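Take a look at the structure set out below.
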Amino acid sequence: MRLYRLIRYDIKNGISGRSYLYAPAAILCSVFTVSFYMSVQSMNIEDEKFTIVNLFLYFFEGKEPFSPELGNAFVFPVVWLFIFLYSAFLTLNYPYSNLTGFGIQAITRTKSRNLWWLSKCCWVFLATCLYFAVWYIVSLLLSVILHIDLSFQYSERICALLLDMQLQPMQPGSVWMSLVVLPVMISVAVNLLQLCLGLFFDRMYCFIVSAVILFASTYFQTPLLIGNFAMVKRSVIYQENGMDVKQGIIASVLVIILSIGAGIWRIRKYDILKKS
Amino acid sequence: MTVKCIKNEMRKALFSRAALITYLLSFSIVIYHTVTKAQIYNEFYAAYQAGDGAGNPMITSVSLFFNWLGADVTSFATSVFFFLLPIIAVMPYGWSLAGEIRSGYTKNIISRIPRKSYFFSKYFAGFVSGALAVMIPLLLSFLLAALFLPALRMENIYPYGTIGEKSMWAALYYSNPFLYSMLYILLDGVFAGLTACISIVLAFFIRSRVTVVLAPFFLMLLLDYIDMNVLPGWEISPVKFLQALPVVNERSGVIDFVMFLIFAAFTLGVLLYKERKYEAL
């Protein structure tokens with residue numbers, strides 16, 4: 001009951017009270033969607049069925065495995081990084097401004113630091129899910145307006161011409177996993193890791209850690225950098241030796257559990273008054 | 001009064017804990033890059049001495065001017081350094097005005113000294129700290145790489161390390177690569193300084209320190225998106241045109257100058273306006 005009330009408080013103050021932070025996400029999503037739509041239109045391929053899956057493949061395509069050969073400059077996938085880094089930014093500030101403000105009252109009254117920590121973990125999960133919900137809803141609405149087909153099919157030609165992707169045939173289940181479930185889970189994992197690190201270091205350094213993890217994921221193809229699991233161009237549907245969906249789920253759950261556990265251990269010894 | 005104020009701000013900017021941590025972060029990138037380059041050079045030199053790979057050994061591929069941090073566009077270290085450049089520039093002191101407005105320090109100080117002195121010294125200190133935070137690691141990387149890499153002039157016959165004829169300072173790159181590298185370090189420093197100044201002036205509108213520090217970073221990402229998707233052809237993204245070799249497109253001196261003017265006009269314009277109109281209460 002006490003946890004429920006803390007979560008309700010966090011939803012009210014950390015999500016409703018900071019809803020203006022979701023507006024740039026909606027604007028960005030609109031810009032990316034319209035820009036991709038215009039790119040498709042400029043290709044003069046009216047006979048091709050442009051679907052919402054093509055659009056999501058554009059958002060989460062990421063970067064193909066990079067080989068640092070002479071003269072081959074590294075170009076990072078800006079759309080993919082923008083999506084995940086804005087999510088990290090969105091969940092960066094509130095928990096610690098709360099801890100040095102009303103959080104002290106909450107901890108005193110609930111008599112439990114663990115409850116405060118768990119409520120913040122739930123808040124990060126909810127805020128991240130809501131952030132991605134904004135992305136999906138805005139792209140759905142724009143798809144309706146721009147007459148982009150709402151189906152689980154996708155145009156292989158658009159993928160090949162605009163995204164440089166030759167994909168294995170995808171079932172609706174793998175579309176859901178690759179374009180909805182995994183990006184959200186990986187983002188939750190990165191954000192929770194950032195939240196946990198915030199108990200050890202300043203928030204800015206935690207954001208740098210998140211940024212470096214995500215950036216390094218685009219450069220190196222390794223399961224140790226969990227951002228790899230959220231990129232279509234690193235998954236088994238794009239390449240034979242790609243990242244497995246199950247591994248991605250296990251890795252993200254592992255990071256989530258470790259971050260929550262390390263946070264519980266740390267919050268017990270955390271000197272709140274000194275920080276505030 | 002202004003000189004005293006600048007001295008005070010410079011001391012705070014250069015000897016803060018945040019500046020130290022930023023330097024440690026950038027130096028760790030430099031050391032990682034130097035070690036990986038030293039390993040690659042040792043392998044190359046061993047193969048060269050053994051006479052492996054008959055034919056052209058492409059000796060310029062290990063040239064200093066192609067392998068220092070600012071120019072090594074294929075390496076992780078260079079990519080992550082320029083990706084984090086807006087944060088590296090802002091971290092030492094870009095957040096200071098936001099922090100001081102929030103804590104009430106600004107109210108106290110502008111009731112004692114002229115507003116102009118305070119805000120301009122903040123701007124100056126922010127610029128210098130941002131510029132140094134980027135220039136010192138780049139210069140260090142150049143000097144460390146120069147310890148073991150041959151300073152060979154680059155040639156345009158190879159499929160690496162080349163610059164198009166129309167690109168900015170292309171002739172200088174082939175004729176005097178040392179001057180070219182130094183000019184690039186200076187250019188990076190100027191843009192890093194202006195990036196830090198963006199944070200300084202954003203403090204007039206945004207109170208959150210985190211947002212003030214990260215706003216230039218997201219602005220650079222947005223410019224990179226525009227560069228890739230809306231205006232392809234020339235580099236308008238500072239993340240790309242600040243690297244000493246082309247990443248995707250050729251660099252235009254005119255575009256760099258226009259970007260410089262936009263950054264400088266925005267930051268100085270806001271500062272001049274707020275210097276007159278700032279309301280402490």
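The values are calculated or read from the model by the stated rules, or taken from the named source; none is laboratory data. Keep in mind the model is a prediction, meaning the values are calculated, not measured. Using ideal geometry, Cβ is built from the backbone for each residue, glycine included, and neighbour counts are taken over all protein chains shown. Keep in mind that these areas ignore ligands, DNA and RNA; they rest on the heavy atoms of the full protein, side chains included. Shrake-Rupley method; radii C 1.70, N 1.55, O 1.52, S 1.80 Å.
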Next on the checklist: So B:ALA47 passes all but one of these: (1) within 13 Å of chain A (Cβ to nearest Cβ); (2) surrounded by fewer than 20 Cβ atoms within 10 Å (Cβ to Cβ). Which condition number does it fail?
Outcome noted: (1)
Checklist entry - If you check B:LEU221 against the conditions, is it within 14 Å of chain A (Cβ to nearest Cβ) and surrounded by fewer than 24 Cβ atoms within 10 Å (Cβ to Cβ)? => result yes
Next on the checklist: For the stretch A:226-241, give me each residue that is modelled with pLDDT under 90 and farther than 15 Å from A:PRO169 by Cβ.
Outcome noted: A:ASN241
Item to check | Cβ pairs under 8 Å, 6+ apart, first in the stretch B:105-116 and in contact (Cβ under 8 Å) with a residue 24 or more places away in the chain and farther than 16 Å from B:LYS12 by Cβ, second surrounded by 13 or more Cβ atoms within 10 Å (Cβ to Cβ) and not hydroxyl-bearing (Ser, Thr, Tyr) | outcome: B:ARG115/B:GLU275; B:LYS116/B:GLU275
Checklist entry - Which of (1) buried (at least 21 other Cβ atoms within 10 Å of the Cβ); (2) out of contact with any helix residue (DSSP H, G or I) (no Cβ under 6 Å at 6 or more places or on another chain); (3) within 14 Å of chain A (Cβ to nearest Cβ) is the odd one out, the single condition B:PRO238 does not satisfy? => result (2)
Checklist entry - Does the stretch A:165-183 contain any residue that is within 14 Å of chain B (Cβ to nearest Cβ), open to solvent by 20 Å² or more (accessible area, probe 1.4 Å), touching a helix residue (DSSP H, G or I) at 6+ places or on another chain (Cβ under 7 Å) and touching a residue at least 12 places away in the same chain (Cβ under 8 Å)? => result no
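This table checks each residue for (1) farther than 28 Å from A:ASP271 by Cβ; (2) open to solvent by 40 Å² or more (accessible area, probe 1.4 Å); (3) within 11 Å of another protein chain (Cβ to nearest Cβ).
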| position | (1), (2), (3) |
| --- | --- |
| A:LEU70 | yes, yes, yes |
| A:VAL75 | yes, no, yes |
| A:PHE102 | no, yes, no |
| A:GLN105 | no, yes, no |
| A:THR108 | no, yes, no |
Checklist outcome for this item: All-but-one check, A:VAL232 against (1) away from chain B (no Cβ under 11 Å); (2) surrounded by fewer than 24 Cβ atoms within 10 Å (Cβ to Cβ), failing number (2)
Checklist entry - Which of the following residues is assigned to a helix (DSSP H, G or I) and within 14 Å of chain B (Cβ to nearest Cβ): A:ILE213, A:ILE249, A:ILE264, A:ILE257? => result A:ILE213
Checklist outcome for this item: Listed by range, helices (runs of 4 or more DSSP H) wholly within the stretch B:73-174 having at least 3 residues that are buried (at least 19 other Cβ atoms within 10 Å of the Cβ) are B:76-90, B:96-103, B:115-146
Item to check | Test for A:LYS49: is it charged (D, E, K, R) and surrounded by fewer than 20 Cβ atoms within 10 Å (Cβ to Cβ) | outcome: yes
Next on the checklist: Go through the stretch A:192-225 and report how many residues are under 22 Å from A:MET177 (Cβ atoms), open to solvent by 20 Å² or more (accessible area, probe 1.4 Å) and touching a residue at least 12 places away in the same chain (Cβ under 8 Å).
Outcome noted: 5
Checklist outcome for this item: Within the stretch A:39-68, the residues that are among the aromatic types (Phe, Trp, Tyr), within 14 Å of another protein chain (Cβ to nearest Cβ) and in contact with a Ser or Thr (Cβ under 8 Å, 6 or more places away or on another chain) are A:PHE59, A:PHE66
Next on the checklist: Return the pair list, or none, for Cβ contacts closer than 9 Å from residues in the stretch B:199-226 that are of a type in the set (Gly, Ala, Ser) to residues that are open to solvent by 10 Å² or more (accessible area, probe 1.4 Å) and in a loop (DSSP other than H, G, I, E, B), at least 6 apart or on different chains.
Outcome noted: B:SER199/B:TRP95; B:ALA203/B:TRP95; B:SER208/A:ASN93; B:ALA215/B:ILE206
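Matching residues to (1) closer than 20 Å to B:LEU183 by Cβ; (2) within 12 Å of another protein chain (Cβ to nearest Cβ):
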| site | (1), (2) |
| --- | --- |
| B:LEU64 | yes, no |
| B:PRO92 | no, yes |
| B:PHE119 | no, no |
| B:LEU140 | yes, no |
